[in-house]
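A quick write-up on the structure given underneath.
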Amino acid sequence: NPPADIRDAMDSATTAVDRLWGNYKEKICWFNREMLSDLEHEMTIAPEVERALAEKEFTFYLQPKYSVQDKRIVGSEALVRWFHKKKGLIPPSEFIPVIEKNGLVTRVDMYIWDMVCSTIRKWLDEGIEIAPVSVNVSRMDIESVDVPEVFIGLIQKYQIDSKYLEIEITESAFVEDTRILKNVARRLRTAGFMVLIDDFGSGYSSLNMLKDVQADVLKMDIKFFDLNNTNYEKGVDIIESVLSMSRKMKLSVIAEGVETEEQIQVIKDIGLNYVQGFYYYKPMSLEDYEKMMKKE
């Protein structure tokens, strides 16, 4: 056996290498002691996820999508939440990276997809007017299960129309493997689902990807709208170019992550209609969302 200090060094190096998982910008990571506490946190969270799934501790909040012109809600996005029976609400930032690393993310995602479809069925039965709900699909989901088959099965199980359920796939997933994602998007659209490209502009945007992938909606990252005195004109020109290109490609556009009056002003100035963000609505519980929709 190697000396303890060598084993410790190897463990530290392995811990540091794990930090590079999914990170395409950094090629080197230096170990520090905070990584050990993070690792302990992960080892605590991971076993709890299986129990939380069994005991139905996961649920979802809904963040509305808003039409600036019509001044009404046109849809919402389902966002996973974990209400731990002892710890209370565990922020997504604490558990999502963990379940992505240990392979449980698809289990949780599929649980939320089913819950969303069950909720839409309930709304139909209660006569509540329904705005479409979008759910998130990750690259790992696509690698783990036949995503179009899963969603077709869900709408058959709950006897709901595919127009009520929209599928959001992150831009980075398309960039990493256009061929597979293109086939998934095509099959989803053939089955009647709207496909949204999420987080467009948050990383290395690929215009070639837009050419190859069939989609219905482009969700522009808020970074597009963080303009100041030095970059305002160029920024507006870029946004208007993306909008013009999207219209020619018959893509609707949503500005996501909008939080400030300045960002809203840019959006109004360039004539962008659909917005999602804290400025209009924060993610809200299902109960609060239903109350709001009944009033509307």
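Side notes on the structure shown:
- Working note: Karplus 6.51/-1.76/1.60 with θ = phi - 60° gives region 145-155 the couplings 9, 7, 4, x, 5, 4, 5, 4, x, 5, 6 Hz, where Gly and Pro are set to x.
- Here the 3J(HN,Hα) profile of region 160-167, calculated from phi with Karplus coefficients 6.51, -1.76 and 1.60 at θ = phi - 60°, is 10, 7, 4, 5, 7, 10, 10, 10 Hz, Gly and Pro shown as x.
- Protein heavy-atom surface of region 86-189, 1.4 angstrom probe: 50% of the accessible area is carbon and sulfur, with nucleic acids and ligands not counted.
- Greater than 26 Å apart at Cα, pairs in LYS65/LYS248; LYS71/LYS163; LYS157/LYS219; LYS65/LYS268; LYS27/LYS223; LYS86/LYS294: LYS157/LYS219; LYS86/LYS294
- 3J(HN,Hα) along region 212-220: 8, 9, 7, 8, 10, 9, 10, 9, 7 Hz, from the Karplus curve 6.51 cos²θ - 1.76 cosθ + 1.60 with θ = phi - 60°, whole Hz, x for Gly and Pro.
- Per-residue packing, averaged as other Cβ atoms within 10 Å, sorts the ranges 106-113, 231-238 into the order 106-113, 231-238, beginning with the highest.
- Taking amide hydrogens as placed 1.01 Å from N in the peptide plane, the amide H of GLY75 sits under 5 Å from those of LYS65, each at least 5 positions away in sequence or on another chain.
- The solvent-accessible area of LEU53, taken with every protein chain present and a 1.4 Å probe, is close to 20 Å².
- Using a probe of 1.4 angstrom and keeping all protein chains present, the accessible surface of region 246-296 works out to 58 square angstrom per residue.
- Accessible surface computed residue by residue for region 36-169, with neighbouring protein chains in place and a 1.4 Å probe, gives 46 Å² per residue.
- With contacts taken as Cα pairs under 8 Å and at least 6 residues apart, region 212-296 reaches a relative contact order of 30 percent.
The values are calculated or read from the model by the stated rules, or taken from the named source; none is laboratory data. Treat the numbers as computed from the prediction; the structure is a model and nothing was measured. Neighbour counts run over all protein chains shown; Cβ positions are idealised from the backbone, glycine included. Ligands, DNA and RNA are stripped out before the accessible areas are found, and what is left, the full protein with its side chains, is counted by its heavy atoms. Shrake-Rupley method; radii C 1.70, N 1.55, O 1.52, S 1.80 Å.
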